[in-house]
Amino acid sequence: DELVLVDILRPGEAEAALMREQMRLHPLAVEDVMRGRQRPKLDRYPRHYFVVFYGAAINRERRRVAFRELHLFIGPHYVVVASHYQISEVQELVSHCRRFPSRMPTTGSLVHWLLDAIVDDYFPIVHDFAEKVTRLENDTIAGERSPLDHLIGVRRELILFRRVVAPERDVIGTALRRDIVALEPELLPYFQDLRDHLERLTEEIDTLRELLSTVVEARNSAVS
């Protein structure tokens with residue numbers, strides 16, 4: 001009855017065999033882990049749930065957002081985390097569990113801690129986008145013409161960000177509607193709050209996309 005957390009970083013064929021044969025995780029879900037590039041989702045299998053989520057951070061060197069795919073296998077007494085990339089929130093979770101094991105008594109509390117930390121780290125990224133769009137708007141008003149490829153690049157990043165955040169909102173919504181063993185009734189308000197955060201992020205991204213489209217139109221009009 002002990003709660004077990006397994007963190008698998010950069011899984012290869014040996015780890016895939018371990019997940020399939022010893023951990024008895026569903027082979028289709030393990031295949032998704034190995035292939036990667038999965039859309040955020042929640043799948044139900046006979047022995048566990050399978051969740052795909054994305055960590056995100058600003059890459060200062062490349063001046064763009066880096067997304068890191070994360071896979072969760074959620075069972076009654078275990079959570080298996082697998083990723084091909086180092087994700088800071090996962091490392092923080094492992095460290096937190098080692099220091100304060102009594103604060104993570106169930107799989108639901110463990111999963112919420114991790115997903116909440118990931119979503120919290122989205123907000124600074126949205127703030128960074130808001131500052132970029134504001135600068136571009138101010139430059140356009142001042143008569144300065146920002147390079148079109150830069151405007152298109154920012155808009156492309158916003159579209160990519162929305163393709164992550166909006167499906168994740170639906171993942172949490174699905175988790176709230178289903179009878180998931182990992183989500184204890186007392187945790188439902190916390191997951192509802194998590195969904196509300198994702199809803200707010202989606203709305204803010206949509207607002208920035210609309211504002212950026214206005215900036216592009218104003219720039220094109222000025223050029224004409």
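The values are calculated or read from the model by the stated rules, or taken from the named source; none is laboratory data. Nothing here was measured: the structure is a model prediction, and the numbers come from that model. Don't worry about glycine lacking a Cβ; one is built from the backbone with ideal geometry, like all the others, and counts go over all protein chains shown. Accessible surface is based on the protein model in full, side chains and every heavy atom, while ligands, DNA and RNA are left aside. Shrake-Rupley method; radii C 1.70, N 1.55, O 1.52, S 1.80 Å.
Structure notes:
- Dipole axis of segment 66-150 (+1 Lys, Arg; -1 Asp, Glu on Cβ), positive-most option in Gly143, His71, Thr106: Thr106
- Length released on extending from Leu3 to Arg177, taking residue separation times 0.36 nm less the Cα-Cα span: 60.2 nm
- With protein chains left intact and a 1.4 Å probe, residues in the chain average 55 Å² of accessible area per residue.
- Backbone N atoms of segment 185-200 closer than 20 Å to the 7 Å Cα→Cβ label point of Thr134 belong to residues 200.
- On Cα atoms only, tilt of 148-177 relative to the major axis of the chain in degrees: 30 degrees
- With the highest mean first, a sort of the peptides 48-61, 109-122 on other beta-carbon atoms found within 10 angstrom per residue produces 109-122, 48-61.
- For the pair His150 and Lys41, the difference between a 0.36 nm per residue extended length and the Cα-Cα distance amounts to 36.1 nm.
- Computed helical MRE - 222 nm, the chain, DSSP H runs ≥ 4 contributing -39500 (n - 2.57), nearest 500: -19000 deg cm²/dmol
- Segment 1-88 - convex hull of the alpha-carbon atoms, volume per residue in Å³: 99 Å³
- For the chain, the relative contact order comes to 20 percent (Cα pairs under 8 Å, sequence separation of at least 6).
- Value in Å of the Kirkwood radius, where segment 38-175 supplies the Cα pairs that are averaged: 16.9 Å
- Computing FRET efficiency as 1/(1 + (r/R0)^6) for Glu184 and Phe123, where r is the C-beta to C-beta distance and R0 is 22 Å, gives about 0.25.
- Carbon plus sulfur fraction of accessible area for the chain, probe 1.4 Å, in percent: 48 percent
- Estimated FRET transfer efficiency (Ala66, Thr207; beta-carbon r; R0 30 Å; 0.05): 0.85
- Protection proxy ranking, highest mean first, for peptides 35-44, 202-211, 72-81: 72-81, 202-211, 35-44, where packing is the per-residue count of other beta-carbon atoms within 10 Å, averaged.
- Principal axis dimensions, segment 96-147 - Cα atoms, whole angstrom, descending: 59, 18, 14
- Rounded to the nearest 20, the Cβ-based charge dipole of the chain about its Cα centre (Lys and Arg +1, Asp and Glu -1) stands at 580 debye.
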